[in-house]
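Asker: Would you mind keeping the following structure in view while I ask a few things?
The values are calculated or read from the model by the stated rules, or taken from the named source; none is laboratory data. Note that the structure is a prediction, hence the values are computed from the model and not measured. Please note: Cβ atoms are built from the backbone with ideal geometry, for glycine as well, and neighbour counts cover all protein chains shown. Ligands, DNA and RNA are stripped out before the accessible areas are found, and what is left, the full protein with its side chains, is counted by its heavy atoms. Shrake-Rupley method; radii C 1.70, N 1.55, O 1.52, S 1.80 Å.
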Amino acid sequence: RLYLSGGFEAIDGAFARPPTSTEQVLHPEKYLAGEIPLTVDGLSVDRALGSGWTEQDSGVLGELRTKMYLDTFLGAEQAAEAAAGWGGDRYALLKNRGGELVIAVRFLWDTYADAREFFLAYQDAAAIKGKGQWDVYERTENLVIWSGEGTAVYLSMAGEETVLVIGPDLDVVIAAGLATSASSGE
């Protein structure tokens, strides 16, 4: 794609200024247009969960890992469509003294429609992942919380933002979900 847009000079330019996200690799037109990922500040999930929880890892998933995760449960086409429109993200993985894990992810999408597409696709993925063993604890137009044996999932959407939290129980995922949302003041 780079060669077609500018020959070897364009390829040399990519070595001097490499892509900054998997989105730019998956969609070369975004690289060529100079579209850079949106910055998502660090998450403060550990403060919301209290002492006993420590952050084990944090970083950016990117469009490619988001697509790969969805593809585990959905078809490749639906996963690719749901991950396209990725604008940026930040995740935090936490562990408590008992060895339980929580992952919280705040995604920013290019448009409201992109956020909605991910929000709906993740519900399809959760239906498959939960194998009918997750009960819906709460459902509104922009929030779904599931609960199953040893697992709870929090999924919310506000504008171009979605928040996904997977953890051991309802109290943990709700606290982490509220703390992860931009509307929480983060």
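Asker: Using only the alpha-carbon atoms, how far is helix 170-180 inclined from the longest principal axis of the chain? Give it as 0 to 90 degrees, nearest 10.
Answerer: The two axes meet at around 40 degrees.
Asker: Hey, another quick one. Using the Cα centre of the stretch 1-137 as origin and beta-carbon charges of +1 (Lys, Arg) and -1 (Asp, Glu), tell me which of Gln123, Gly75, Ile11 is placed farthest towards the positive end of the dipole.
Answerer: Comparing the listed Cα positions along the dipole, Gln123 ranks first.
Asker: Turning to a different aspect of this structure: Relative contact order of the stretch 34-182: what whole-number percent is it, with Cα pairs under 8 angstrom and at least 6 residues apart? Kindly include the intermediate steps, with their values, before the conclusion.
Answerer: Numbers: 290 pairs, mean separation 34.4, N = 149.
RCO, the stretch 34-182: 23 percent.
Asker: A further question on this structure: Compare the Cα positions of Leu164, Gly148, Ala179 along the charge dipole of the stretch 120-186 (+1 at Cβ of Lys, Arg; -1 at Cβ of Asp, Glu; about the Cα centre) and return the one farthest towards the positive end.
Answerer: Result: Gly148, furthest along the dipole toward the positive end.
Asker: OK, next. Rounded, prolate or oblate: pick one for the stretch 99-186, where a ≥ b ≥ c are the square roots of the eigenvalues of its C-alpha gyration tensor, a/c under 1.5 means rounded, and failing that, prolate if a/b is larger than b/c, else oblate. Each step should come with its number before you reach the end.
Answerer: Numbers: a/c = 2.02, a/b = 1.28, b/c = 1.57.
Here the stretch 99-186 falls in the oblate category.
Asker: Hey, any idea what % of the chain's accessible area is carbon plus sulfur with a 1.4 Å probe? Write out the running numbers ahead of the final one.
Answerer: Details: 5060 of 9500 Å².
It is 53 percent, rounded to a whole number.
Asker: Would you kindly work out the equivalent ellipsoid of the stretch 28-124 from its C-alpha gyration tensor and give its semi-axes, the square roots of five times the eigenvalues, largest first in whole Å? Show your work: numbers first, answer last.
Answerer: Working: eigenvalues 146, 55, 24 Å².
One finds semi-axes of 27, 17, 11 Å for the stretch 28-124.
Asker: Which one, Ser21, Thr39, Leu49, projects farthest toward the positive side of the charge dipole computed for the stretch 12-54 from Cβ point charges (K/R +1, D/E -1)?
Answerer: Leu49
Asker: Can you give me the long-range amide H partners of Val40? Hydrogens built in the peptide plane at 1.01 Å from N, cutoff under 5 Å, separation of 5 or more residues or another chain.
Answerer: The list, which skips near neighbours in sequence, is Asp89.
Asker: Also, quick follow-up: Post the alpha-carbon centroid distance, the stretch 85-147 to the stretch 1-42, in whole angstrom.
Answerer: What the calculation gives is 28 Å, centre to centre.
Asker: Oh, and also: In square nanometres, what is the average projected area of the Cα convex hull of the chain?
Answerer: 11.4 nm²
Asker: At 7 Å along the Cα-to-beta-carbon direction for both Leu143 and Ala10, put a label point, then send me their distance in nm to one decimal.
Answerer: In this crude label model, Leu143 to Ala10 measures out at 4.7 nm.
Asker: To continue, here is another question. Hey, quick one: spin label on Glu77, modelled 7 Å out along Cα-Cβ, who in the stretch 98-133 has an amide N within reach, i.e. under 18 Å?
Answerer: Taking a point 7 Å out along Cα→Cβ of Glu77, the residues of the stretch 98-133 whose backbone N falls under 18 Å are 117-118, 121-122, 124-125.
Asker: Using 7 Å Cα-to-Cβ label points, what is the Ile128/Thr39 separation (nm, one decimal)?
Answerer: Between Ile128 and Thr39, the label points sit 3.6 nm apart.
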